[in-house]
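*Asks:* Quick one: the structure is below, questions incoming.
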Amino acid sequence: MTPQEASIAAEKICRLAPVIPVLVVDDVAHAAPLAAALVAGGLPALEVTLRTPVALEVIAEMARVEGGAVGAGTLLTAKDVENAKKAGATFGVSPGATDRLLDACEANDLPLLPGASSASEAMRLLERGYTVQKFFPAEAAGGAPFLKSLSSPLPQIRLCPTGGVSLSNASDYLSLPNTLCVGGSWVAPGDLVQAGDWAAITALAKTAAALPR
């Protein structure tokens, strides 16, 4: 998969909904009902972060949920990429980007949202062919004002801001011409997941899915 093909695939995923839920799941039993609740609320693209021992099992379970597109987040190494692809991930997300990681995603045909937090990082990815990128950590790196400032000199780049994005500030990002969608964890709070309150999570997802962009 070329970087250009990866960006085309990543853009399609980003356009599925205004928000990509960023999920940290500790219990495999929560995987399928959580995915079903989010998909029912209108958020089909799901990012499962590789931050728990069961993350790959969670990806495998979520990949079976009809209507969902499950990706692996926090990809750091080539091994992460291989494991995520084997588990059923259809896209990847990384906090930054290294040549080794990009090589692994291209070799494994895994579309990647590579992370960038500066103009130089964004330009380097663009030089390689990645026109769709993750802006991370969004709020800490300058927030919506910084992202807006990139839109004029780098109009060919589209981004998914993630990190500190919430319902209260998501619209600030989504209103920008260079934002495709945002990533956020607020649609699946840990307490609701632990309680198995899938109806409440579906309600949060519906609110997020209705955000204008």
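Throughout, read-outs are computed from the coordinates displayed, never taken from laboratory work. Keep in mind the model is a prediction, meaning the values are calculated, not measured. Glycine also receives a Cβ, built like all others from the backbone with ideal geometry; neighbour counts cover every protein chain displayed.
*Asks:* Starting with the fewest neighbours, write out LEU101, LEU167 ranked by other beta-carbon atoms found within 10 Å of each beta-carbon. Show your work: numbers first, answer last.
*Replies:* Values: LEU101 21, LEU167 14.
The fewest-first ordering by Cβ neighbours comes to LEU167, LEU101.
*Asks:* Further question on the same structure: Cut-off is 10 Å between beta-carbons; in what order do SER168, SER117 appear when sorted fewest neighbours first? Provide the component values of the computation, followed by the final result.
*Replies:* Working: SER168 8, SER117 20.
Lowest to highest Cβ neighbour count: SER168, SER117.
*Asks:* I need two numbers for region 16-123: Rg to one decimal and Dmax as a whole number, Cα atoms only, in Å.
*Replies:* Looking at region 16-123, its Cα Rg and Dmax stand at 13.5, 42 Å.
*Asks:* Oh, and also: List VAL48, VAL193 from most exposed to least, where exposure is judged by having the fewest other Cβ atoms within 10 Å. All intermediate terms of the calculation are to be shown ahead of the outcome.
*Replies:* Details: VAL48 33, VAL193 21.
Final ranking by Cβ density, sparse to dense: VAL193, VAL48.
*Asks:* Taking only the alpha-carbon positions of the chain and ignoring solvent, what does the Debye formula give for the base-10 log of I(q)/I(0) at q = 0.15, 0.16 Å⁻¹?
*Replies:* Scattering profile of the chain, log10 relative to I(0): -0.87, -0.99.
*Asks:* Would you compute, from DSSP H runs of 4+ residues alone, the mean residue ellipticity of the chain at 222 nm, taking -39500 (n - 2.57) per run and dividing by the full residue count, rounded to the nearest 500? Write out the running numbers ahead of the final one.
*Replies:* Values: 10 runs with 91 residues, N = 213.
Computed mean residue ellipticity for the chain: -12000 deg cm²/dmol.
*Asks:* Which lysines does LYS134 reach when only Cα atoms under 17 Å apart count, and residues fewer than 8 places away in its own chain are ignored?
*Replies:* Straight-distance partners of LYS134: LYS12, LYS148.
*Asks:* Compute the length gained on full extension between THR77 and ALA195: take 0.36 nm times their separation in residues and subtract their Cα-Cα distance, giving the result in nm to one decimal.
*Replies:* Values: separation 118, 0.36 × 118 = 42.48 nm, distance 3.31 nm.
Full extension from THR77 to ALA195 adds 39.2 nm.
*Asks:* Give the separation of the Cα centroids, region 24-81 to region 111-172, in Å.
*Replies:* Centre-to-centre (Cα) distance: 23 Å.
*Asks:* Also: Can you give the charge dipole size of region 3-208 about its Cα centre, rounded to the nearest 20 debye, using +1 on the beta carbon of Lys and Arg and -1 on the beta carbon of Asp and Glu? If you can, show how the numbers build up before the last one.
*Replies:* Working: 14 positive and 20 negative charges, 81 e Å.
The calculation lands at about 380 debye.
*Asks:* Test of the criteria: in region 66-111, which GluC sites (Glu not before Pro) are in a DSSP loop and have at most 14 other Cβ atoms within 10 angstrom of their Cβ? Write out the running numbers ahead of the final one.
*Replies:* Numbers: sites: GLU66, GLU82, GLU106; in loops: GLU66.
In loop regions of region 66-111 (DSSP not H, G, I, E or B), the sparsely surrounded GluC sites (Glu not before Pro) are GLU66.
*Asks:* Could you check the spin-label model distance between SER149 and MET1? Points 7 Å from the Cα along Cα→Cβ, value in nm.
*Replies:* Taking the two extended label points, one gets 3.3 nm.
*Asks:* For ALA32, project a label point 7 Å along Cα to C-beta. Then give me every residue of region 50-66 with its amide nitrogen under 15 Å of that point.
*Replies:* 57-66
*Asks:* Please give the per residue volume of the convex hull enclosing the alpha carbon atoms of region 119-187, rounded to a whole number of Å³. Walk me through the numbers on the way to the answer.
*Replies:* Details: hull volume 5.2 nm³, N = 69.
Hull volume over Cα atoms, normalised by residue count, gives 75 Å³.
*Asks:* Another question about this same structure. Filter the chain for me: DSSP H helices, axial length by Cα at least 24 angstrom, mean Kyte-Doolittle hydropathy not below -0.5. List them by residue number. All intermediate terms of the calculation are to be shown ahead of the outcome.
*Replies:* Working: long enough: none.
For the chain, where a helix must reach 24 Å along its axis and average at least -0.5, there are no hits.
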